[in-house]
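For reference, the structure discussed in these notes is given below.
The values are calculated or read from the model by the stated rules, or taken from the named source; none is laboratory data. Note that the structure is a prediction, hence the values are computed from the model and not measured. Cβ placement follows ideal geometry from the backbone for every residue including glycine, while neighbour counts extend to all protein chains displayed.
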Amino acid sequence: MEIRRVQFTGGSSYVLTLPKDWVDAQKIKKNDPIGIEIQPDGTLLVTKTIEHEPLQRKLEFPVDGITEPAYLFRLLIGAYISGITTITITSKERLPPFVRVVVRDFTQMTIGQEVIEEDDSAITLKDLLNPSEMPFANTIKRMFVIVKAMHEDAITAIRTGNQTLAADVTARDNDVDRLHWLIARQTHMILSNTALSKKMNVPPRMAVHYYIISRIIERIGDHAERIAQNAGAIRKKEIDPAIITKILKASELSVGIFDRSIVSFFNNDLKKSDKNIESVKVLEALCGEINNLVIQQETPDAIALGYITESVRRAGEYAADISENVINYLVGDELTMSGKPARK
């Protein structure tokens, strides 16, 4: 770190000189405007960029030699999350047919990505979404609503044997993934662009907090999907009614923990978060009782019911992780430690 002393001049102004190497690297000349922004932690950001336009980043993917569609899809998702605004897929010859299939799946699975140019040997995708138009809080709330409904519908599929409903739960998991990837993208962009952080009124530390919560909700959605998948493997008429009753009760406990964790998250409530974590013990004990009954069933049903019980328990534990992260964030927040309300 280079240390410079503050000078006092003109009776009312404080002056700090800029490092010559930085000035030369930025090609700053006399009378050029310089932007200065106060950061949430009290530091100052000095930048040549005074316009708050989104940073445009381009990336080219040559697909010559790529034969696995899944690999190309993961590359595109990686570029999306890292904040690339323009992606060009190229080939020295004609693009393989699977590339267009992957591109179509990618645009359907992400928010804001559209094909703007296409020919036999290249496809260009551009991000048409302004990241500041999708507030983190709104996305988290939407993810919560979707995942909670997925869990409840998956349990209903067990109780009623409705396979159509179970299949719909699986389809909705894609919506959760899309929203989680969006939050991951916004978080990465905020960490790379302080101007975006200020425009969205979300400090980088809070953006990371939103990302962690989003990731947990996405995992709870995965377990709802697994419950729905295993619902189709059990033969309801042959299952001990006591098991179904206890699974329904465990589900209520799990969803309750999830619901209270989200409320505590948005209310910045330390005490309720702590109380919610303790409630997991009741869920775990009940799931243990269910497993003792499950092992008495025939093998195919026992396996499916065991997976269902495990997913119900894990969903509740993941929900408690949300409360743990709320506590971690609030305790570390300077405003909370000073006795004032935490930032929302």
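Scan region 217-263 for residues that are surrounded by 21 or more Cβ atoms within 10 Å (Cβ to Cβ), under 18 Å from the mean Cα position of the chain (by Cα) and not charged (D, E, K, R) and the total you get is 8. Taken together, the residues in region 118-148 that are touching a strand residue (DSSP E or B) at 6+ places or on another chain (Cβ under 7 Å) and touching a residue at least 24 places away in the same chain (Cβ under 8 Å) amount to 7. Within the option set Ile84, Ile77, being surrounded by 12 or more Cβ atoms within 10 Å (Cβ to Cβ), assigned to a helix (DSSP H, G or I) and outside the structural domain of Arg185 (by TED's automatic domain parsing) holds for one residue only, Ile77.
The set of residues in region 198-220 being of a type in the set (S, T, N, Q) and in a loop (DSSP other than H, G, I, E, B) consists of Asn201 alone. The test for being in contact with a Gly (Cβ under 9 Å, 6 or more places away or on another chain) and in a helix (DSSP H, G or I) holds for Ala195.
Of the residues Asn292, Asn230, the single one that is out of contact with any Gly (no Cβ under 6 Å at 6 or more places or on another chain), farther than 30 Å from Gly332 by Cβ, free of Cβ contacts under 8 Å to residues at least 12 places away in the same chain and part of a helix (DSSP H, G or I) is Asn292.
Within region 277-288, does at least one residue satisfy the condition of being surrounded by fewer than 16 Cβ atoms within 10 Å (Cβ to Cβ), over 18 Å from Ile227 (Cα atoms), assigned by TED's automatic domain parsing to the domain that holds Arg142 and over 31 Å from the mean Cα position of the chain (by Cα)? No, the conditions are met nowhere in region 277-288. Among the residues of region 299-308, is any farther than 28 Å from Val202 by Cβ, of a type in the set (D, E, K, R), at pLDDT below 95 and out of contact with any Lys or Arg (no Cβ under 8 Å at 6 or more places or on another chain)? No - not one qualifying residue is present in region 299-308.
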